1. If each residue's Cβ is checked for other Cβ atoms within 10 Å, how do Phe53, Phe74, Phe79 rank with the fewest at the top?
2. To two decimal places, what compactness ratio does the stretch 4-82 give when its Cα radius of gyration is scaled by 2.2 N^0.38 Å?
3. Only four residue types carry charge here, +1 at the Cβ of Lys and Arg and -1 at the Cβ of Asp and Glu. Report the dipole size of the chain about the Cα centre in Debye, rounded to the nearest 20.
Amino acid sequence: MIKFAQTKIMTFNEALKHKKNILKNSSEFTKTLYDYIIIPAIKEEGQKYMDEFRKSPSSFFDESCKTYSSDSQFKVFLFAKNSVQEVL
């Protein structure tokens, strides 16, 4: 199940600003437990992005989500850092 930090659909720039605000206002402890990424708002596209992200998280950047979105609409996704592991 996908959990969104905010259910509002946003443009990429709005989602990036929202993510930066969350990180700015989060404690260092919280940042060690959770991460936030921007994903496409359309459920199927967001799931495809997450599937690819899980294979190699370190090769993805905020802008990576743009290539997975057909309508340029995004959401901010929260996940526990230990739930997404890079496949070696």
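1. The order, fewest Cβ neighbours first, is Phe79, Phe53, Phe74.
2. Dividing the Cα Rg of the stretch 4-82 by 2.2 N^0.38 Å gives 1.03.
3. 280 debye
Each value in this text was obtained by applying a stated rule to the coordinates, not by laboratory testing. Computed from a prediction, not measured in an experiment: that's the story for all the values here. No Cβ is skipped: glycine too gets one built from the backbone with ideal geometry, and neighbour counts run over all protein chains shown.
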